[in-house]
Amino acid sequence: MSFRPKLIASDLDGTIVANYGDISQRTIDIFRKAHNMGIPIFFVTGRPPRWMPEIQDAFGLGSAICGNGAMLYDLPTGKILEEWLIPVKAQIESVNRLRRVIPGISFAVESNSYFHREKTYIPRWDVGMDNVGVENIEEIMQAPALKILARCSNQELTSDEMLEIALSELDELVTVTHSNPHDSLLEISAFGVSKGSTLAIMAGRLGIDAKDCVSFGDNPNDFSMLQWCGRSYAMEDGHSEAKKYAKSIAPSHLDDGVAQILEKLLQLPE
């Protein structure tokens, strides 16, 4: 017999947040129901904290794992609880290695309170945060960072193509992934840091086994989490490779796929 999950972890964008930024009331209601039943909720995302207020406003509960596993963030209070950052030396070495193998690549680096970019890096989401830019990102790599962003602004390579190159070049230096197959953007975290690794730490602190956790996701930055959890669901309209890492498939996020699954799971016995 199947039992109710003891922990729920969900990606945000493309999983419970639509590409136009909306979160359905059905989704909000089922997460609140799970929370009221005493089930720990983790919103596990590539977003930095500055992109979390809308999630806080919508749900007002749970914990967030931000920056693809690099930060534990308390959603109700907006407090950073713990961080796993990229050392400066690894930041610079990663940039140097990628410059050698991906022509035209440009970089940005972010932490909780800042976003810095090279002049050639064209931002899509943080427009206005850094309108000046620097010639070379190494100029401002002076402190541990939440994430490095690497972009082909000419879009000659897709995110999948960039990832294939970067995985071999950055092996055992940092963790590299992406969250959008339709873009030309890599997301780089400290070595060993991923959504799955940090979720495993959180579950362990709560005394909850992987078999009792359920997760939902749609893109490569979710694969580690989908693989680790005993029950996991790749979104039907997500990345084509996600199904290899998840145990099951959820309906499209545009059809409230996560809510559909959770409504059934919460009816199971403890």
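Derivation of every value follows stated rules applied to the coordinates shown; laboratory data play no part. In this text the structure is predicted, and so the values were computed from the model without any measurement. Glycine gets a Cβ as well: all are built from the backbone with ideal geometry, and neighbour counts include every protein chain shown.
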Here are some pairs, 211/264; 79/211; 33/244; 147/243; 79/264; 6/264; which of them have Cα atoms lying more than 23 Å apart in this structure? 79/211; 33/244; 147/243; 79/264
Can you give me the distance in nm between label points at residue 99 and residue 244, each placed 7 Å from the Cα along the Cα-to-Cβ direction? 3.2 nm
I'd like to compare 228-234, 24-30: which one has the highest average count of other Cβ atoms within 10 Å, and what's the full order after that? 228-234, 24-30
Rough spin-label spacing in nm, given labels placed 7 Å along Cα→Cβ, for residue 37 and residue 74: 2.6 nm
Compute from the Cα atoms of the stretch 88-190 the Rg and the Dmax, the latter being the longest Cα-Cα distance, and quote both in angstrom. 12.3, 34
Given 25 °C, 0.890 mPa s and a Kirkwood radius over Cα pairs, the Stokes-Einstein diffusion coefficient of the chain in µm²/s is 131 µm²/s
Label point distance in nm, residue 125-residue 25, each placed 7 Å from Cα along Cα→Cβ: 2.8 nm
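Using 1/(1 + (r/R0)^6) with R0 = 22 angstrom and r between the beta carbons of residue 160 and residue 237, what's the FRET efficiency to the nearest 0.05? Don't skip to the end; give the middle numbers.
Working: r = 17 Å, r/R0 = 0.75.
It comes to 0.85.
What is the sum of charges around residue 104, taking Lys and Arg as +1, Asp and Glu as -1, for the other residues whose C-beta is under 12 Å from the C-beta of residue 104? Display every interim value, and only then the final one.
Details: positive: 99, 151; negative: 118, 156.
Result for the neighbourhood of residue 104: 0.
What's the exposure ranking of 77, 198, going from fewest to most Cβ atoms within 10 Å?
On the way: 77 9, 198 27.
Fewest-to-most Cβ neighbours within 10 Å comes out as 77, 198.
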By how many nm would the segment from residue 134 to residue 114 grow when fully extended, if each residue of separation counts as 0.36 nm and the alpha-carbon distance is taken off? 5.8 nm
